[in-house]
Every structure is written in C-alpha cells, then in structure tokens.
Amino acid sequence: MDALSNLSIVEAIVLGVMVVGWLIQVLYFLLIYIRIPLHKSKPATQQVVGTSVIICAKNEEKNLRDLIPILFEQDHPEFEVVVVNDASWDDTQETLEALDKMYPRLHVINLDENKQYMHGKKFALTLGIKGAQYEHLLLTDADCRPTS
C-alpha cells in the first residue's frame, strides 16, 4: 500500500500547508537573499571630513611657537586650528598674532582676565568649540605633540 493513501484528510491538509509554507520560505530566500551576491556595489566616494583642532592655552608662548607649525604640517585636506588664549600674561597673544598672519587656517580667540569671575579651562574649551567651524573636533593642549 502507498503511504499517502493511508493519510486522513486532516493529515493531508496539514502536510499540504507545510509544503506550501516551505515553498514560500524557499521563494523568499531566493528573491531576497540571492540579490546580495549579485548586487554590484557602487565605488565608494571618499568624502573629506573637516576637523577643528582646539587648543586651550594659558601662558604657553613657547609651546605654541613649536606646536602650531607642526600642526599645519599635517597631511589633512580640510582642517583648522582654534587657539583659545585663556588670559595669558606672557607674550602668548603677540605670538598668536604673528602666527595668525602666517597661517590663514589659524583662528585665535582671546579671553581677558576678569577679576570678578574666574574662568576655568572648561569655559575656554566651550568658547573654542563654539568658535569651531567643523563638526569633528580634536582637543589638545599646547604641550602635546602629534606622533606622526
């Protein structure tokens, strides 16, 4: 006797539903997932991301004189350097004014000393971030140097 002839009508319906469900899953797999290996990707366009380098400096004349030229030697197509002079009493402001004439992508923010309200580094960083042109930020100090 044939195995299918021994099935009741309910069993035949259940078996039919299972076979139809299996066929739907196979078709879904073929229609959806087979496109992945056949998909031809577009060549990636490399987008230049602008970066703002923010430096807070208080009495860092010598360090800034050394650091700023090193930063502008970096190989990045689009960046700026924002220096926040946090109420320095040495020749930091004069040094930054001279460097500003040499480097057009240098942006200097000078904070004056206020006897009534003592500003901290957080305030200088906030002003540097607000004065930054680009969304991507790199924060550093005047006594730090890039390794490459």
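Some observations on this one:
- C-alpha long axis of helix 121-130 to longest principal axis of the chain, angle in °: 70
- Along the chain, longest interval not containing exposed chymotrypsin sites (Phe, Trp or Tyr not before Pro), exposed being DSSP loop plus at most 13 other Cβ atoms within 10 Å: 1-88
- Apportionment of accessible area to carbon and sulfur, the chain, percent (1.4 Å): 60
- Nearest 10 degrees, 0 to 90: helix 61-72 Cα axis against the chain principal axis: 40
- Read-out Cα extents along the principal axes in Å, derived from the coordinates shown; its label in (1) 44, 37, 27; (2) 105, 40, 24; (3) 65, 27, 22: (2)
- Where GluC sites (Glu not before Pro) in DSSP loops with at most 15 other Cβ within 10 Å are excluded, longest remaining stretch of the chain: 1-72
- Between amide H atoms placed 1.01 Å from N, distances below 5 Å from Phe79 occur with Thr51, all of them 5 or more places distant or on a separate chain.
- The long axis of helix 9-28 is offset from the longest Cα principal axis of the chain by roughly 30 degrees.
- Eigenvalues of the alpha-carbon gyration tensor of region 72-148, scaled by 5 and square-rooted, set the equivalent ellipsoid semi-axes at 23, 15, 12 angstrom, largest first.
- Once C-alpha pairs closer than 8 Å and six or more residues apart are averaged by separation and normalised to the residue number of the chain, the relative contact order reads 30 percent.
- Solvent-accessible area per residue for the chain (1.4 angstrom probe, square angstrom): 76
- Sparse-neighbour loop sites [trypsin sites (Lys or Arg not before Pro); region 2-96; at most 11 other C-beta within 10 Å; DSSP]: Lys40
- Diffusion constant of region 53-110 at 10 °C, which comes from Stokes-Einstein with the Kirkwood Cα-pair radius and 1.306 mPa s, µm²/s: 140
- Taking the chain as the region of interest, the number of lysine pairs whose Cα atoms are within less than 25 Å, with members eight or more places apart or on different chains, is 12.
The values are calculated or read from the model by the stated rules, or taken from the named source; none is laboratory data. Worth saying up front: this structure is predicted, and the values here are computed from it rather than measured. Note that we place each Cβ from the backbone using ideal geometry, even for glycine, and neighbour counts take in every protein chain shown. SASA here: full protein model, heavy atoms, side chains in, ligands and nucleic acids out. Shrake-Rupley method; radii C 1.70, N 1.55, O 1.52, S 1.80 Å.
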